[in-house]
Amino acid sequence: LIFGIGLGAVSPAIVAGATPGDGAAGTPLNLVTDPVSVTLNGTSFTPTWVGLAPGFAGVYQTNFRMPYFNFAGDVNLGITAGGNSTQTSVVTAVEPNGFYWAINGSLFPNGQTRNGVSGSTSAIAFRQNNQVIWGTTGFQAWTEATGLNAPTLSGLALTIRNGSTVVYDNNGIDTAIPAVVSYYTNTSGPDSAKPGLNVLYSNSNNSDAVFAGYFKLTQSTTFTSISGYFDCNGDSELPFDATNPYNTYRMNIWSDNTGSPRETSNFVGDVWTTDTTTGTFAWATTAVSRGFADGATDPICSLTYTPAQPQTLAAGDYWFSHDVAVPAVAFPATPASVVKRQVSAVKFTIPQPESLIRTAR
């Protein structure tokens, strides 16, 4: 919410110094009549609501939804109304949603032989739509040329359940057996040499890059829930905020096309997608953490989708992905009341673009 003065005429008109309406019967909201735009960090967009702030004479209120970008600190803020713009010295502190890092698995069920070594038989593939950031590899086409060299990596960590029965598990994170805990923990040597500490950036519409993990089913499998896993902290400078109510999570399953996910010209799976399957997402902190040589830990969280109806996959080879996308929930078009909020600003260093695969915190 932005509060200011001088945004011009409103409808219905109001006498100068009078208290604006609050939308109740007989006191309608006074909406600005001129076109209004908000500029944040150099990007202009249309606010969701602009009018006189209910109950405050002479004060205008502009509601807008923050765009989705991953850096923190002070950014320039401006409003244009009827051809007139605010001063250029106004800044606001922003706190990003952070980086979503997918966790990999280490178990090889159903006779799987693919692993995390880069190349045509890799159990990891990625695709991206932002050549400026990520270059030509994987640009608008799936590739297994990930640069990884991790023979103990079996794909993205994936657990599939039918009711309370686990029908597929390539990670063991939820059971937390000692071998699994050890896979995600480093006690000596460089962290980069520990395959369990590799995490994979996945966000289908912020920097536009998604990883998919191979999995194999030897028989027709019905499931009532499906889980992927992510680093709860995300990043030391730009931590991921799993509690953000505007997060939009996604899961997709692709068929196998000669060793790669089948290309669909987007990030939507050709076999199954939560975009069109009714159900609910839930996340939780597991008992397993990524452990680093210096003693620091990052908890591993589960992301579980429960479809409204049981789903069935035929026996075969598949690819699975999960990611977080731009928050989709918008503010209401008209405010019921003025919202007052205290904001504390903390300055961070703005990092350079991240690599797709990360081992450090």
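The values are calculated or read from the model by the stated rules, or taken from the named source; none is laboratory data. Keep in mind that what you see is a predicted model, and the values were worked out from it rather than measured. With ideal geometry, Cβ positions are generated from the backbone for all residues, glycine too; neighbour counts draw on all protein chains shown. Just the protein is used for accessible areas: all its heavy atoms, side chains included, with ligands, DNA and RNA removed. Shrake-Rupley method; radii C 1.70, N 1.55, O 1.52, S 1.80 Å.
With a cut-off of 12 Å on the backbone N, no residue of the stretch 28-63 is near the modelled label site 7 Å out from A13 along Cα-Cβ. Calculated on the Cα set of the stretch 221-303, radius of gyration then Dmax: 15.8, 44 Å.
The distance linking the stretch 5-64 with the stretch 185-262 is 43 Å (Cα centroid to Cα centroid, whole angstrom).
On the principal axes of its alpha-carbon atoms, the stretch 48-195 has extents of 70, 41, 34 Å, going from largest to smallest. In the chain, the DSSP-assigned H stretches of four residues or longer account for a calculated mean residue ellipticity at 222 nm of -500 deg cm²/dmol, using -39500 (n - 2.57) per stretch and the full residue count as denominator.
Using a basic spin-label model with each label point 7 Å from the Cα along Cα→Cβ, how many nm lie between N76 and F281? For the pair N76/F281, the computed spacing is 3.3 nm.
Principal semi-axes of the equivalent ellipsoid, √(5λ) from the alpha carbon gyration tensor of the chain, are 45, 22, 19 Å from largest down. Once C-alpha pairs closer than 8 Å and six or more residues apart are averaged by separation and normalised to the residue number of the stretch 1-86, the relative contact order reads 33 percent.
Just to confirm, what accessible area per residue do you get for the stretch 1-145 at 1.4 Å probe, in whole Å²? Before the final figure, lay out the partial values.
Values: 6740 Å² over 145 residues.
Per residue, the stretch 1-145 has an accessible area of 47 Å².
Per residue, the accessible area of the stretch 168-321 comes to 38 Å² when a 1.4 Å probe rolls over the protein heavy atoms. For the chain, the relative contact order comes to 19 percent (Cα pairs under 8 Å, sequence separation of at least 6). The radius of gyration of the Cα set in the stretch 151-248, together with its Dmax, comes out at 15.4, 44 angstrom. Simple spin-label estimate for L31 and N266 gives 3.0 nm between the two label positions (7 Å along the Cα-to-Cβ direction from each Cα). The calculated FRET efficiency for the pair A24 and Q309, based on their C-beta separation and a Förster distance of 35 Å, comes to about 0.20. Excluding R114 itself, what net charge comes from residues whose Cβ is under 11 Å from its Cβ, given Lys and Arg +1 and Asp and Glu -1? The answer is -2.
About its Cα centre, the dipole of the chain is roughly 180 debye, where the only charges are +1 on Lys and Arg Cβ and -1 on Asp and Glu Cβ.
Surface composition of the stretch 88-166: carbon and sulfur make up 49 percent of the accessible area, probe 1.4 Å. In the stretch 202-275, Cα pairs under 8 Å separated by at least six residues give a relative contact order of 22 percent.
In debye to the nearest 20, how big a dipole does the stretch 50-201 give about its Cα centre with +1 on each Lys and Arg Cβ and -1 on each Asp and Glu Cβ? If you can, show how the numbers build up before the last one.
Details: 5 positive and 6 negative charges, 46 e Å.
With only Lys, Arg, Asp and Glu charged at Cβ, the dipole is about 220 debye.
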